[in-house]
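Comments concern the structure below.
The values are calculated or read from the model by the stated rules, or taken from the named source; none is laboratory data. Worth saying up front: this structure is predicted, and the values here are computed from it rather than measured. Neighbour counts run over all protein chains shown; Cβ positions are idealised from the backbone, glycine included. Ligands, DNA and RNA are excluded from the accessible area calculation, which covers all protein heavy atoms including side chains. Shrake-Rupley method; radii C 1.70, N 1.55, O 1.52, S 1.80 Å.
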Amino acid sequence: MLDISFPPDVAHGGGVPWDGFIIIEWLRRIEEAKNVPVIVITGSDTQKYRERALATGAIGFFHKPVDNDGLLDVIKKTLSENALKPAQV
């Protein structure tokens with residue numbers, strides 16, 4: 001689960017100002033992490049971010065306050081789908 005917005009100090013004094021989209025794109029470039037399921041949770045503009053989050057590879061998108069039943073359904077579905085795949089080392 002990943003938020004879109006991070007406080008300004010997350011860049012640790014001047015690096016890249018991180019946000020959830022940068023993290024998803026970064027994960028997709030790492031061989032060992034490119035298939036990690038990402039569920040986005042945000043309090044930001046739903047219309048603006050939903051399409052972008054799903055286009056960058058998120059498997060789910062939730063606006064705060066989170067629909068707990070919907071989130072649990074996505075987590076269960078993801079875990080059951082990934083349980084069928086052999087572990088890659």
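Matching residues to (1) touching a Pro at 6+ places or on another chain (Cβ under 6 Å); (2) of a type outside the set (Phe, Trp, Tyr); (3) modelled with pLDDT of 90 or more:
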{"residue": "Ile4", "(1), (2), (3)": "no, yes, no"}
{"residue": "Ala11", "(1), (2), (3)": "yes, yes, no"}
{"residue": "Val16", "(1), (2), (3)": "no, yes, no"}
{"residue": "Ile30", "(1), (2), (3)": "no, yes, yes"}
{"residue": "Ile39", "(1), (2), (3)": "no, yes, yes"}
{"residue": "Gly43", "(1), (2), (3)": "no, yes, no"}
{"residue": "Gln47", "(1), (2), (3)": "no, yes, no"}
{"residue": "Glu51", "(1), (2), (3)": "no, yes, yes"}
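Which members of the range 36-73 meet the condition of being over 23 Å from Pro7 (Cα atoms), in contact (Cβ under 8 Å) with a residue 12 or more places away in the chain and open to solvent by 40 Å² or more (accessible area, probe 1.4 Å)?
Pro37, Ile59
Which of the numbered conditions does Gly20 fail, given that it passes all the others? Conditions: (1) at pLDDT 90 or above; (2) open to solvent by less than 30 Å² (accessible area, probe 1.4 Å).
That leaves (1) as the condition not met.
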